[in-house]
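Q: Have a look at the structure that comes next, please.
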Amino acid sequence: MRGRRPLFVGNWKMFKTPEDTRAYVDAFRIMAAELVAQADIALAAPFVDLDALRVALEGSTIGIGAQDCFWEAEGAFTGEVSAPMLSALGVQYCIVGHSERREFFGETDETVSLKISALLGGNITPIVCVGETHAEHHAGTSFARVEQQLHGALGSLSDAERAAVVVAYEPVWAIGTGLACDAESADTIMNFIRRSAGGLDEARIIYGGSMKPANATALCAQPNIDGGLVGSASLDPAEFLSLISCGLQVLDAR
Ligand code: PEP
């Protein structure tokens, strides 16, 4: 019997206003009522939606997630949001090192590492994204790239701290393209992730990159895939719940 509890996180990216958030949660909460007994489920929303999410989710075990944070607790850092600020809003998960942050906003393995430490200090679970680009995939350097990202992000942590993070394997070429990685190849690299940094035996490693209801069962049937980080398929509450149900058909049985 597996010891790792399934985890599904919706990454809304830069979509939805506070009003949209309330409407989404009204529908999602009711439909998710049975699934939350079998999995941890969280919604990672833009900063401006987090308070609406907190209010709308009151009394529910559905988690609140952020999509980024800054590593200092406070100070003259215009536009930034810190881990203690997120904690104060009831945030339990925070995505760090997403490929869109790496590509468009200068995120590096070093800044990812600083953010992870700040989040762990604030009792927020970091969801650390790693994954190779299209060019790296075709050059056969996926394992080396992922190992480098993991080492940069987690290298300074103790084994106990590593066990508290979630790693999301997100091949960049699969994000938002409709072309998910095939399940066996994803599992091979996720097994490598689990073995390549100490302390990840009990950590949850989830897959992200065009996960949909149609491929969630095959992906989640793999021994190293503990759930999903889901972008576009999380924007509609019914589609996200359908995806989670498909994944849990096999995650539950593992
Ligand atoms: C993501 O943005 O983390 C993601 C996995 O997006 P999508 O599901 O749309 O590929």
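Q: Restricting attention to segment 176-193, which residues are buried (at least 19 other Cβ atoms within 10 Å of the Cβ) and not hydrophobic (A, V, I, L, M, F, W, C)? First the steps, then the outcome.
A: Step one: list which residues in segment 176-193 are buried (at least 19 other Cβ atoms within 10 Å of the Cβ), which gives 180-181, 186-187, 189-190, 193.
Hit for segment 176-193 is Asp187, nothing else.
Q: Would you mind telling me which numbered condition in (1) touching a helix residue (DSSP H, G or I) at 6+ places or on another chain (Cβ under 8 Å); (2) farther than 24 Å from Ala174 by Cβ Met85 fails?
A: With (1) touching a helix residue (DSSP H, G or I) at 6+ places or on another chain (Cβ under 8 Å); (2) farther than 24 Å from Ala174 by Cβ applied to Met85, the lone miss is (1).
Q: Follow-up. Out of the residues in segment 83-121 that are surrounded by fewer than 19 Cβ atoms within 10 Å (Cβ to Cβ) and among the small types (Gly, Ala, Ser), state the one that is farthest from Cys181 (Cα to Cα).
A: Ala88
Q: When the residues of segment 122-175 are narrowed to those that are aromatic (Phe, Trp, Tyr) and open to solvent by 30 Å² or more (accessible area, probe 1.4 Å), which ends up nearest to the chain's Cα centre (by Cα)? Give the steps one after another, and end with the answer.
A: Restricting attention to segment 122-175, the residues satisfying the condition of being aromatic (Phe, Trp, Tyr) are 143, 169, 173.
With the extra rule that they be open to solvent by 30 Å² or more (accessible area, probe 1.4 Å), the set shrinks to 143, 173.
Numbers: Phe143: 20, Trp173: 17 Å.
So, considering only residues that are aromatic (Phe, Trp, Tyr) and open to solvent by 30 Å² or more (accessible area, probe 1.4 Å), the one nearest to the chain's Cα centre (by Cα) is Trp173.
Q: Answer yes if at least one residue in segment 45-62 is away from the ligand (no atom under 16 Å from the Cβ) and farther than 26 Å from Tyr24 by Cα, and no otherwise.
A: no
Q: Something else about it: Could you go through segment 211-220 and let me know if any residue there is among the polar types (S, T, N, Q), open to solvent by 10 Å² or more (accessible area, probe 1.4 Å), closer than 17 Å to Gln38 by Cα and touching a residue at least 12 places away in the same chain (Cβ under 8 Å).
A: Residues of segment 211-220 among the polar types (S, T, N, Q): 215, 217.
Still in the running and open to solvent by 10 Å² or more (accessible area, probe 1.4 Å): 215, 217.
Narrowing further to those that are closer than 17 Å to Gln38 by Cα: 217.
Adding the requirement that they be touching a residue at least 12 places away in the same chain (Cβ under 8 Å) leaves 217.
Checked against the condition, which is being among the polar types (S, T, N, Q), open to solvent by 10 Å² or more (accessible area, probe 1.4 Å), closer than 17 Å to Gln38 by Cα and touching a residue at least 12 places away in the same chain (Cβ under 8 Å), segment 211-220 yields at least one hit.
Q: Of all residues in segment 155-202, count the ones that are away from the ligand (no atom under 16 Å from the Cβ) and either among the charged types (D, E, K, R) or modelled with pLDDT under 95 (or both).
A: The number of residues fulfilling the criteria is 21.
The values are calculated or read from the model by the stated rules, or taken from the named source; none is laboratory data. Keep in mind that this is a model prediction, so the values were computed, not measured. Ideal geometry is used to build each Cβ from the backbone, glycine not excepted, and the neighbour counts take in all protein chains shown. The accessibility values were calculated without ligands, DNA or RNA, using every heavy atom of the protein model including side chains. Shrake-Rupley method; radii C 1.70, N 1.55, O 1.52, S 1.80 Å.
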